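Trainee: Got a structure here, written out as structure tokens. Questions coming.
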Amino acid sequence: MDASLIPETTAAPPSARRISRAFVARVLSGHVLAPLGAVVFTLIVFGVFVALAGVSPLDVYASMYRGAFGTWFSFQNTLLRAAPLMLTGLCAALPARLGLIVIGGEGALVVGGVSAAATAMVLQGVSPLTMQLSMALAAMLGGGAWIGAVGALRSYRGVNETISSLLLTYIAIALLNHLVEGPLKDPASLNKPSTPHIGEANMLGTLPGVDVHWGLVFGVAACAFSYVLMDRSVFGFAAKIVGGNARAARLSGLNVPRLVILACFMGGAAAGLAGMVEVSAVHGTANVSLVAGYGYTGILVAFLARHNPLYVMPVALVLGGINASGGLLQRTFGLPDATVSVLQGILFVSILASESYRGSEFSLARLRLPSWGRS
Amino acid sequence: MDAADATALGVWGVPLALLGGAIRVSTPFLFVSLGECITERSGRVNLGLEGTLVMAAMSAYGASYLSGSPWLGVLAAGTIGAVFGALHGFLCGRPRVNDIAVGIALMLFGIGLAFFLGKPLIQPSAPHLPAISLGFFSDVPQVRSALEVNVLFLLGVALAPALAWMLSRTRWGLILRTVGESAEAARALGYDVGSVRFWATVAGGVLAGIGGSFLSLYYPGSWNEGLSSGQGLMAVALVIFARWQPVRCLWASLLFGGASALGPALQSIGIGSGYYLFNVAPYALTLVILVLSSSAAKAAAAQPAELTIQR
């Protein structure tokens, strides 16, 4: 760093020392150790679990790594799964910033996918770009309205958002089944009722040079946008106040219902976009394949990322990798496909339990640290 | 309704099927909601009962299949419910741990674990729980099948007023309610708030587990991965509707059972086109009831004051 840029009044060395001391104190106080401990604990418990199922834990972890990040092919597969997880992760993370626990990402994804497929049925003969933009818009509006309704019910009727969002997921799946078996059914789809194919020309292509579709860009862009919105804007500041104390926010004149509904709408729009990506880049139609659990894994993504949109990206990558390795575990060791769900469940429980070790109450923090002078 | 004469009873088959469905389908709702009622009265929410329900259903089926006795299956289900309840109760007793988030985590964990361990149980068939025929007076087969009542249902029906009595008339009930209304007051009186809530969550888990055994051992009566689709969660919503009163939980469970039976009942008289749409009925009903029974301005008067489910 250029020393001349630093004003003479603030000496550089003490400030750097203060930062490093704060950093060490933060690490030791459990902000880093607690989640790290939760991950290690998860690996041990899951290791014992697969050992009881008769498979060597080390072999399982080795092949999970191979199936997720080991080869270029598997890494691309991981990226493909990370894309919808970033979007469904936002569906839980954005409302959580205002203190709402929304778990309806799966439903918003389904609604988004159906909206996109229906749009493709209505708009025929337009250019692929127009079509893709319209599908994305319809999906975001559909998914946004779905979760926005959860926020509205919470704001205006006091309905618990966790329960209502999951109920709406079941309703969304039933609507999907109804529509693909009836009004939107492609007569040619016999074995697996689906909507008509959106057309090869309208499919989202792959990024240049890799076998990964544009959904990944959508996911990264949505996370970046959400980060700026939540951490660098007035809206985000207002949201933080609501999340901290809704009554204080109301008393200071913030329009709490509007903030809640907007955050829910944006979360739902993100999950809806994930549905559009699944339809327009993976399946080509809307059918029950949309119900693949991305919404539920997204809840875990949000909690692991501590509802920070920036952290949602790497966490979605790791969980996408775990999901991607599920197939390999099935083929190599004959483990059921639910193995990955067990691992995610243990991780979820551990990370929540580790909350109690965060912050000042962690025992290591109470150890006498060498003091670098009094502040 | 051209197809209404497909059965001898015609359109009258629908209310009859709804009644039968209410009795048959309501049992898991009843047990889960009674369990959640106990837990919530202590001031804590366990949203993980959906996971408990699925895990217990799998365990009950496995135990019944291996031992040949469905009652051992019920016992296994209750035990698993206790374990999951204890896990929830323990975790939520730690500082800064959110009970709703732990519930979601345990729901996903329970479902994942049940699917993992239950893989070998999809094929074999396990002995079922017995039923009592209360329709012996009638010659109409539909009436007889509607009044085929399972023992667990009768147990649940007896349990509801018993719990109501326990909550309002016994020392334990008073302690439980005190803890749920004001942890401060309970502490001042010398009660251990943490352990009361822990045991209330364990008790809730046991009842939810028994409800789960009904799913796999009576109706629908097999183990598969689509066995429960939100019954555990709907039962939690139902407790709000029932205003935390066990006897009202019974009526609400019957209502929800009837709503769940709407799709199959209409299909039985030949209206099958909107099958999936009719299956929305229980979820939509839950949502409508939640909207009607909630208020934005203040928490419901009957709600335990320590509860965080509606703020």
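Read-outs throughout are calculated quantities, based only on the coordinates presented, and are distinct from any laboratory measurement. Computed from a predicted model, the values in this text were never measured in an experiment. Cβ: placed from backbone, ideal geometry, glycine included. Neighbour counts: every protein chain shown.
Trainee: At a 10 angstrom cut-off on C-beta neighbours, averaged per residue, how do the peptides A:141-148, B:191-198, B:279-286, A:40-47 rank from highest to lowest?
Mentor: A:141-148, B:279-286, B:191-198, A:40-47
Trainee: Place +1 on the Cβ of every Lys and Arg and -1 on the Cβ of every Asp and Glu in segment A:86-320, take the dipole about the Cα centre, and give the residue among A:GLY143, A:GLY284, A:ILE241 whose Cα lies farthest towards its positive end.
Mentor: Highest projection toward the positive end goes to A:ILE241.
Trainee: Mind running the shape call on segment A:249-368? Use the C-alpha gyration tensor, a ≥ b ≥ c as the square roots of the eigenvalues: rounded below 1.5 for a/c, prolate if a/b tops b/c, oblate otherwise.
Mentor: Note, shape of segment A:249-368 comes out oblate.
Trainee: Output the 0 to 90 degree angle, nearest 10, between the alpha-carbon long axis of helix B:99-118 and the longest principal axis computed from the alpha carbons of chain B.
Mentor: 50
Trainee: Separate question: Taking the Cα centre of segment A:86-320 as origin, sum charge times position over the Cβ atoms of Lys and Arg (+1) and Asp and Glu (-1), and report the length of that vector in debye to the nearest 20.
Mentor: Here the size comes out at about 940 debye.
Trainee: Okay, moving on. Would you mind counting up the charge near B:LEU47? Only other residues with Cβ under 14 Å from its Cβ, with Lys and Arg at +1 and Asp and Glu at -1. List each step's numbers first, then the result.
Mentor: Values: positive: B:ARG44; negative: A:GLU161, B:GLU36, B:GLU40, B:GLU50, B:ASP99.
Result for the local shell: -4.
Trainee: Taking Rh as the Kirkwood radius, which is the inverse of the mean 1/r over Cα pairs, what is the Rg/Rh value for chain B? Don't skip to the answer; put the middle values down first.
Mentor: Details: Rg = 19.7 Å, Rh = 19.9 Å.
Computed over Cα atoms, the ratio is 0.99.
Trainee: Rounded if a/c is under 1.5, else prolate if a/b is larger than b/c, else oblate: which is segment B:186-299, with a ≥ b ≥ c the root eigenvalues of its Cα gyration tensor?
Mentor: oblate
Trainee: Okay, moving on. For helix B:151-169, what angle does its Cα long axis make with the longest principal axis of chain B, in degrees from 0 to 90 and rounded to 10?
Mentor: Taking Cα atoms only, the helix is inclined about 30 degrees.
Trainee: What is the magnitude of the charge dipole of the protein assembly as shown about its Cα centre, with +1 placed on the Cβ of each Lys and Arg, -1 on the Cβ of each Asp and Glu, and no other charges, expressed in debye to the nearest 20?
Mentor: 2260
Trainee: For A:LEU204, list long-range residues whose amide hydrogen, built 1.01 Å from N in the peptide plane, is under 5 Å from its own amide hydrogen.
Mentor: So A:LEU204 has HN proximity to A:ALA281.
Trainee: Can you check what the net charge comes to around B:TRP172, using other residues whose Cβ is under 14 Å from the Cβ of B:TRP172 (Lys, Arg +1; Asp, Glu -1)?
Mentor: +4
Trainee: Could you calculate, for segment A:86-320, the ratio of the Cα radius of gyration to the Kirkwood radius, expressed as Rg to Rh? Intermediate results must be reported in sequence, preceding the final value.
Mentor: Values: Rg = 17.5 Å, Rh = 17.6 Å.
That ratio is 0.99, to two decimals.
Trainee: Given the C-alpha centroids of segment A:288-331 and segment B:46-99, what is the distance between them in whole angstrom?
Mentor: Going from one Cα centre to the other spans 26 Å.
Trainee: Which whole-percent values make up P(r) of the protein assembly as shown when all C-alpha to C-alpha distances are grouped in 10 Å steps starting at zero?
Mentor: It works out to 3, 14, 24, 27, 19, 9, 3, 1, 0, 0, 0, in whole percents.
Trainee: With +1 on each Lys and Arg Cβ and -1 on each Asp and Glu Cβ, how big is the dipole of chain B about its Cα centre, in debye rounded to the nearest 20?
Mentor: Using Cβ point charges on Lys, Arg, Asp and Glu, chain B gives about 840 debye.
Trainee: Which of A:LEU300, B:VAL14, B:PRO304 sits closest to the plus end of the dipole of the protein assembly as shown, meaning its Cα is farthest towards the positive end, when Lys and Arg get +1 and Asp and Glu get -1 on the C-beta?
Mentor: The listed residue farthest towards the positive side: B:PRO304.
Trainee: Taking Rh as the Kirkwood radius, which is the inverse of the mean 1/r over Cα pairs, what is the Rg/Rh value for segment A:136-223?
Mentor: Answer for segment A:136-223: 1.07.
Trainee: Given a 10 angstrom Cα cut-off, can you work out which residue in A:ARG97, A:ARG154, A:ARG331 is the most mobile in a GNM of chain A?
Mentor: A:ARG331
Trainee: For segment A:128-177, what class follows from the C-alpha gyration tensor (a ≥ b ≥ c being the square roots of its eigenvalues): rounded when a/c is under 1.5, otherwise prolate if a/b is larger than b/c, else oblate?
Mentor: oblate
Trainee: Run the helix sum for chain A: -39,500 (n - 2.57) per DSSP H stretch of 4+ residues, divided by residue count, reported at 222 nm to the nearest 500 deg cm²/dmol.
Mentor: Values: 15 runs with 244 residues, N = 375.
Result for chain A, helices only: -21500 deg cm²/dmol.
Trainee: Which residue fluctuates the most in chain B, going by a Gaussian network model with Cα springs under 10 Å, if the choices are B:VAL157, B:VAL140, B:VAL179?
Mentor: Evaluated over chain B, the most mobile residue of the options is B:VAL140.
Trainee: For chain A, what are the DSSP H helices with axial Cα length of 18 Å or more and mean Kyte-Doolittle hydropathy of at least 0.0? Display every interim value, and only then the final one.
Mentor: Working: long enough: A:12-26 (21 Å, -0.27); A:33-52 (28 Å, 2.57); A:72-96 (35 Å, 0.94); A:105-122 (25 Å, 1.38); A:128-152 (34 Å, 1.24); A:161-181 (30 Å, 1.24); A:215-231 (24 Å, 1.72); A:256-277 (32 Å, 1.77); A:309-333 (35 Å, 1.01); A:339-353 (21 Å, 2.09).
Qualifying helices: A:33-52, A:72-96, A:105-122, A:128-152, A:161-181, A:215-231, A:256-277, A:309-333, A:339-353.
Trainee: Next question. Give the separation of the Cα centroids, segment B:161-186 to segment A:236-264, in Å.
Mentor: 36
Trainee: Could I ask something else about it? Any idea how far apart A:PHE235 and A:TRP72 come out in nm if each label point goes 7 Å out from Cα toward Cβ?
Mentor: In this crude spin-label approximation the distance works out to 3.9 nm.
Trainee: Could you identify which residue out of A:ALA263, A:ALA249, A:ALA83 has the top mean-square fluctuation in a GNM of chain A using Cα springs shorter than 10 Å?
Mentor: Comparing A:ALA263, A:ALA249, A:ALA83 in the GNM, the peak value goes to A:ALA249.
Trainee: For chain B, what does the relative contact order come out to in percent, with C-alpha contacts under 8 Å and a separation of six or more?
Mentor: 36
Trainee: What is the percent of Cα-Cα separations in segment A:65-193 that go past 21 Å?
Mentor: 53
Trainee: Here's something else I'd like to know. Along its three principal axes, how long is segment A:213-308 when you only count alpha carbons? Whole Å, largest extent first please.
Mentor: Dimensions of segment A:213-308 along the principal axes of its Cα atoms: 49, 23, 23 Å.
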